[in-house]
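To keep things clear, I will list the structure first and then write my remarks on it.
The values are calculated or read from the model by the stated rules, or taken from the named source; none is laboratory data. What you see is a predicted model, and the numbers here were worked out from it, not measured in a lab. Ideal geometry is used to build each Cβ from the backbone, glycine not excepted, and the neighbour counts take in all protein chains shown.
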Amino acid sequence: MALLGSFLVLCACSLELFHVEATQDTLSTLDSSFCHGGLEVIYPELDIDECVIIPKDRKLREKVSTVWKAPQIYFTRADKKKMYVLVMVDPDAPRRNSPTSAYWRHWLVVDIQGTALKKGQIKGTTLTDYYPPSPPQKTGFHRYQFLLFEQLPDAPVSLTKQETASRGKWDLQAFVTRFGLGKPVATLQFLTQNYKD
């Protein structure tokens, strides 16, 4: 019986390694209030559905920066008949207290079908390939923000030559205004810092 008890404790500890729980208790009120709308971002070992700080344990910060590819994006509230624009940016480049390169554009996908988005698939046109969150060393925490907009019907979305020349110093508000995207229907962010810090 003691052997069975020890086995069950060992199993519970092993299962805990795969369960990632990030808490909001260290987020500022401003950071925790950014998220709304029910957007979900899923990496292989990390399911983010609220504003969080990526925990340092289990090398999650290293994996999100160097190992994992683009996450799955779920938006169960997507309208099947509409198309969407997904933006991922770092407003803290190169550091939060001096964001001289903000917004740094990490990912931009347009023409995303609502039916696919409901299933966690990104079927659309990629204007900026996914670039993983990789804050420079000794620059503290960076916010990585995902913003989902409804795309106007029959309104192609594109980047200018100047915008395609660099990911940094992107005028997100000018982009939103240019294509009449309005306010995002859903937003999500996580905070992380360089995994070597």
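Only a single item in (1) of a type outside the set (Phe, Trp, Tyr); (2) over 26 Å from Asp47 (Cα atoms); (3) without any contact (Cβ under 8 Å) to a residue 24 or more places away in the chain is not met by Leu152, and it is number (3).
Could you go through the range 79-92 and let me know if any residue there is out of contact with any helix residue (DSSP H, G or I) (no Cβ under 8 Å at 6 or more places or on another chain) and either hydroxyl-bearing (Ser, Thr, Tyr) or over 16 Å from Thr187 (Cα atoms) (or both). Step through it out loud before you land on a result.
Just the residues of the range 79-92 that are out of contact with any helix residue (DSSP H, G or I) (no Cβ under 8 Å at 6 or more places or on another chain), to begin with: 85-86, 88, 90-92.
Narrowing further to those that are either hydroxyl-bearing (Ser, Thr, Tyr) or over 16 Å from Thr187 (Cα atoms) (or both): 92.
For the range 79-92, residues out of contact with any helix residue (DSSP H, G or I) (no Cβ under 8 Å at 6 or more places or on another chain) and either hydroxyl-bearing (Ser, Thr, Tyr) or over 16 Å from Thr187 (Cα atoms) (or both): present.
Of the residues Lys169, Lys138, Lys183, only one is closer than 29 Å to Lys59 by Cβ, among the basic types (Lys, Arg), assigned to a loop (DSSP other than H, G, I, E, B) and more than 17 Å from the chain's Cα centre (by Cα); which?
On the way: Lys169 fails: closer than 29 Å to Lys59 by Cβ; Lys183 fails: closer than 29 Å to Lys59 by Cβ.
That would be Lys138, the only listed residue that is closer than 29 Å to Lys59 by Cβ, among the basic types (Lys, Arg), assigned to a loop (DSSP other than H, G, I, E, B) and more than 17 Å from the chain's Cα centre (by Cα).
The residues listed here are Val157, Val176, Val110; of these, the one that is more than 26 Å from Lys59 (Cβ to Cβ), at pLDDT 95 or above, touching a Pro at 6+ places or on another chain (Cβ under 9 Å) and not in a strand (DSSP E or B) is Val176. Out of all the residues in the range 120-129, is one or more touching a residue at least 60 places away in the same chain (Cβ under 8 Å) and touching a Lys or Arg at 6+ places or on another chain (Cβ under 7 Å)? So far as the range 120-129 goes, no, none of its residues is touching a residue at least 60 places away in the same chain (Cβ under 8 Å) and touching a Lys or Arg at 6+ places or on another chain (Cβ under 7 Å).
For Leu86, indicate whether it is farther than 22 Å from Gly37 by Cα and part of a strand (DSSP E or B). Talk me through it step by step, then tell me what you get.
Details: farther than 22 Å from Gly37 by Cα: no; part of a strand (DSSP E or B): yes.
Spelling it out, it is not the case that Leu86 is farther than 22 Å from Gly37 by Cα and part of a strand (DSSP E or B).
Cβ-Cβ distances below 8 Å connect the following pairs, each with a first residue in the range 47-76 that is surrounded by fewer than 17 Cβ atoms within 10 Å (Cβ to Cβ), a second residue that is assigned to a loop (DSSP other than H, G, I, E, B) and among the acidic types (Asp, Glu), and a separation of six or more residues or different chains: Arg58/Glu45.
Among the residues of the range 89-107 satisfying the criterion of being surrounded by fewer than 18 Cβ atoms within 10 Å (Cβ to Cβ) and not in a loop (DSSP other than H, G, I, E, B), which is farthest from the chain's Cα centre (by Cα)? Restricting to residues being surrounded by fewer than 18 Cβ atoms within 10 Å (Cβ to Cβ) and not in a loop (DSSP other than H, G, I, E, B), the top hit is Ser98.
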